[in-house]
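Here's the structure we're looking at; comments come further down.
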Amino acid sequence: MPTLKSIRFIKNEVVCDRNFDALLIVETEDEADLEAYKVHPEHKKVAAFIATCTENRGAVDYWC
């Protein structure tokens, strides 16, 4: 995907009811690239699959 600088998946190794099981870190150049990523057909396919096997999700968007 040309709008991504990097993408990482991290599995949580600590079993705790308060923790999420995994973390996806997506790095883009700017907000425009993030918005393009959100509507990309491949992202939408993955998001639809993830929705079938998760109970909750959280998101944080930030710029440095």
Only unsatisfied item for W63, checking (1) surrounded by 10 or more Cβ atoms within 10 Å (Cβ to Cβ); (2) in contact (Cβ under 8 Å) with a residue 24 or more places away in the chain; (3) of a type outside the set (D, E, K, R), is (1)
Within the range 1-48, how many residues are free of Cβ contacts under 8 Å to residues at least 12 places away in the same chain, loosely packed, with under 10 Cβ neighbours inside 10 Å and hydrophobic (A, V, I, L, M, F, W, C)? 5
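Listed here are the residues, each with its yes/no results for (1) at pLDDT 90 or above; (2) out of contact with any strand residue (DSSP E or B) (no Cβ under 6 Å at 6 or more places or on another chain); (3) part of a helix (DSSP H, G or I).
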| site | (1), (2), (3) |
| --- | --- |
| I10 | yes, no, no |
| E13 | yes, yes, no |
| E35 | yes, yes, yes |
| K38 | yes, yes, yes |
| F49 | yes, yes, yes |
| Y62 | no, yes, no |
Of everything in the range 51-60, what is more than 11 Å from the chain's Cα centre (by Cα) and in a loop (DSSP other than H, G, I, E, B)? Give them in sequence order. C53, T54, E55, N56
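The values are calculated or read from the model by the stated rules, or taken from the named source; none is laboratory data. What you see is a predicted model, and the numbers here were worked out from it, not measured in a lab. Counting neighbours? That spans all protein chains shown, and the Cβs are built from the backbone with ideal geometry, glycine included.
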